[in-house]
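Okay, structure first, notes after.
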Amino acid sequence: MEDNRRLLRELPSVDEVLMQLTPNIRNSLPHGLLVEQLRAVIAQLRERVLTGQPVSQEELSPEQVSHQALQSAYAYWEPNLRPVINATGVVLHTNLGRAVLSDQAREAILEVPKGYSNLELDLNTGERGSRYSHVVELLCRLTGAESALVVNNNAAAVLLALNTLAQGREVIVSRGQLVEIGGSFRVPEVMAASGARLVEVGTTNKTYQRDYRNALTEDTALLLKVHPSNYRIMGFTRETSLEELVALGRETGIPVMEDLGSGFLVDLKPYGITGEPTVQEEVKAGADIVTFSGDKLLGGPQAGIIVGKKKYVDQMAKNQLTRALRVDKLTMAALEATLRAYLWEPEQTVELIPILRMLTMKTEVLEKRARQLAARLQQLFDERVIVAVEPGVSQAGGGSLPMLELSTTLVTLEPVAGKVEKWAAGLRRGRPAVMARIAEGKLVLDLRTVLDDEEESLIEALTKYLPLA
Ligand SMILES: *Cc1c(COP(=O)(O)O)cnc(C)c1O
């Protein structure tokens, strides 16, 4: 009892602790936050004393109290959204922010919002302009389409297109294309939200042009083709080609729309990446509307891009929803810079756009980087970790190119003692955070998605955060 009273008397006050901090430290955090954390530490100590838990003299010192409070205040003060080193080899990792932006796109994001901009002003005429004007001409030139519009993401693009062209009317879709993409985008649900009525035709594995034809009614507003993105049906299958849909559309005067999902603007066949049409191929094949994401294979910011016939795009631009789905100047700045990279020759574009660079990275380069990393890690970890180099496969991710097997070379780390899950957790919580894969009791690193200038930080994080005991 006597002891407790003495300890309580020794508890420092907030002011006492603040006084012994240097002005530099005191001013490195918002005052309110620091005081809040100090109060919390002191309250905790008081509680421990009152409930008879052991409290040492040292813990009550202003130095110890401030040390604890500063630690939690600094932890709180760190940004929640922060960079992560992606060592998973999944190029378009939705949880890790999808496309890594090009230098040019990042520069545009820094430059444009520093001051005012001509977001909605035509500098030539001094008249009010459209925020979309900055990219429409580029999108038309790159895709061959008549017109273009940009919204917040591809889900929004599909919603807007359906709402504009088919609200209260029927949209015909193959049963094989009623897909779910990443949980938050399901074709039937987006359709319902748009006010359009879904008319399913064909079967899961086979749908013919005649299935669409037989489903036509007075109320048919649109023929919709949806890219199956993250899944494929193998074996006994038949999908109606875009050309067949376009032929039916032309014959009946009904527009054809394709939700392309990813949307390549450059043909990567010379790099061995096949099976994915480019946007320009689909426009050329006659699709009246094509929608795709800005942050998938295009390699830009999150956006939904709509290209196609001017009369339909104009209708969409006038829809009230467009105002609600519109993109901001940061997105516009990054998107314009990203699109400009496609004006270069394809080999140059691939070098400028990080995700294209990653997808086309040569196997020899990946192997060399992996061997160098493995050698350094083995040296750093000596006998405590079994470091190996193994052939493996990276993924495009983001629902793109699910069948694509990108050969890579993996560095695997196996603990001599301890659990690899603990390693992964340690790396995830580190500064910088690192995301790796776990397979067969080993930590697996794929350098395809690790930027050149991140390699040193990766090694540092590995040495710092792997609990080797
Ligand atoms: C990814 C995808 C979407 C959703 O696009 P977001 O840009 O993520 O909104 C819609 N349709 C298809 C076919 C997709 O692949």
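Data for the structure
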| read-out | value |
| --- | --- |
| Net charge of Cβ neighbours under 12 Å - reference GLY261; Lys, Arg +1; Asp, Glu -1 | -3 |
| Length added when fully stretched, ASP103-LEU321, from 0.36 nm per residue minus Cα-Cα | 75.3 nm |
| Local electrostatic count, GLN104, Cβ distance below 15 Å [Lys/Arg +1, Asp/Glu -1] | -2 |
| Length gained when the stretch LYS419-GLU243 is fully extended (0.36 nm per residue, less Cα-Cα span) | 58.0 nm |
| Rounded to 10°, Cα long-axis angle of helix 133-143 versus longest principal axis of the chain | 60 |
| ALA375-SER56 pseudo-label distance in nm [points 7 Å out on the Cα-to-Cβ vector] | 4.6 |
| Approximate spin-label separation GLU345-ASP15, in nm, with each point projected 7 Å along Cα-to-Cβ | 7.5 |
| Rounded accessible area per residue of the chain, 1.4 Å, Å² | 50 |
| The chain: angle of helix 62-77 to the longest principal axis, Cα-based, in degrees nearest 10 | 0 |
| The range 2-77 - percent relative contact order, Cα under 8 Å, separation 6 or more | 44 |
| Long pairs among LYS114/LYS329; LYS269/LYS309; LYS362/LYS464, criterion Cα-Cα beyond 19 Å | LYS269/LYS309; LYS362/LYS464 |
| Around ILE305: net Lys/Arg minus Asp/Glu count, Cβ-Cβ under 13 Å | -4 |
| Hz values of 3J(HN,Hα) by residue in the range 3-18 - Karplus curve (6.51, -1.76, 1.60), Gly and Pro given as x | 4, 4, 4, 5, 5, 4, 5, 7, 4, x, 8, 4, 4, 4, 5, 4 |
| Rough spin-label spacing in nm, given labels placed 7 Å along Cα→Cβ, for SER184 and HIS31 | 3.9 |
| Principal-axis tilt of helix 329-340 within the chain, Cα atoms, nearest 10 degrees | 60 |
| Added length on full extension, which subtracts the Cα-Cα distance from 0.36 nm per residue, LYS269 to ALA75 | 65.1 nm |
| Charge-dipole axis of the chain as Lys and Arg at +1 and Asp and Glu at -1 on Cβ define it, positive-most pick from GLY89, THR409, THR463 | GLY89 |
| Nearest-20 debye value, the chain charge dipole, Cβ charges on Lys, Arg, Asp, Glu | 640 |
| Size of electric dipole in the range 317-469: Cβ of Lys, Arg +1 and of Asp, Glu -1, about Cα centre, debye, nearest 20 | 740 |
| Efficiency of FRET from Cβ geometry, GLU460 and ALA215, R₀ 51 Å, rounded to 0.05 | 0.30 |
| Relative contact order %, the chain, counting alpha carbon pairs below 8 Å whose residues are six or more apart | 19 |
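The values are calculated or read from the model by the stated rules, or taken from the named source; none is laboratory data. Just so it is clear, the model here is predicted, and its values are computed rather than measured. Note that each Cβ is placed from the backbone with ideal geometry, even for glycine, and that neighbours are counted across all protein chains shown. Surface accessibility is based on the protein's heavy atoms, side chains included, excluding ligands, DNA and RNA. Shrake-Rupley method; radii C 1.70, N 1.55, O 1.52, S 1.80 Å.
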